Amino acid sequence: MANDPLPVRLADIEQAARRIGGRILRTPFVLSASLTERCGVPVGLKLEHHQTTGSFKLRGATNAVLSLPPQELACGVVAASTGNHGRALAHAARAEGAVATICMSRLVPDNKVAEI
């Protein structure tokens, strides 16, 4: 990978897709008539708000958690987040029986704290 021009290779993406398969929802992809008309080219929308935690962040968080060796995962995971990433990491960790510590500002609204 040291000579690769990009930090992420297609093989890395394919491996991540296999890793998270069955652990996240396959969300719909729909054509947007209004955006297609406005842009003059087909525009599709990936409806990630249908994901279990409400955003695409669950994909990366699940991949990260599943990439950890068992002895590291047993120590838990930590993140600083005020929203979707914290919620996704907490969900992914819980799904694997691990502990997640999410650090947040006191200014985070109560509803977001409850979701995380």
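Roughly to the nearest percent, how much of the accessible area of the chain is carbon and sulfur, given a 1.4 Å probe?
57
Applying the Karplus parametrisation 6.51 cos²θ - 1.76 cosθ + 1.60 with θ = phi - 60° to the phi angles of region 9-24, what ³J(HN,Hα) value in whole Hz is obtained for each residue in order, glycine and proline being reported as x?
Per-residue couplings from phi come out as 9, 4, 4, 5, 5, 5, 5, 5, 4, 5, 5, 8, x, x, 10, 10 Hz.
Amide H to amide H under 5 Å from Thr101: which residues, 5+ apart in sequence or cross-chain, H placed 1.01 Å off N in plane?
Those qualifying (amide H under 5 Å, at least 5 residues apart or on another chain) are Val77, Val78, Ala79.
Using only helices, what value at 222 nm comes out for the chain when you add -39,500 (n - 2.57) per DSSP H run of length 4 or more and divide by the total residues, to the nearest 500 deg cm²/dmol?
-12000 deg cm²/dmol
Rounded, prolate or oblate, given the Cα gyration tensor of the chain, with a/c below 1.5 counting as rounded?
Oblate, since a/c reaches 1.5 and b/c is not below a/b.
Measure out, as a whole number of angstrom, how far apart the alpha-carbon centroids of region 84-104 and region 52-68 sit.
For region 84-104 versus region 52-68, the Cα centre distance is 9 Å.
Solvent-accessible area per residue for the chain at a 1.4 Å probe radius, Å²?
With all protein chains present, the chain gives 70 Å² per residue.
Per-residue HN-Hα couplings for region 41-57, Karplus 6.51 cos²θ - 1.76 cosθ + 1.60 at θ = phi - 60°, whole Hz, x for Gly and Pro?
Rounded to whole hertz, the list is 9, x, 10, x, 10, 8, 7, 5, 5, 7, 4, 3, 9, x, 7, 5, 4.
The values are calculated or read from the model by the stated rules, or taken from the named source; none is laboratory data. Values in this document were obtained by computation on a predicted structure and should not be read as measured data. SASA here: full protein model, heavy atoms, side chains in, ligands and nucleic acids out. Shrake-Rupley method; radii C 1.70, N 1.55, O 1.52, S 1.80 Å.
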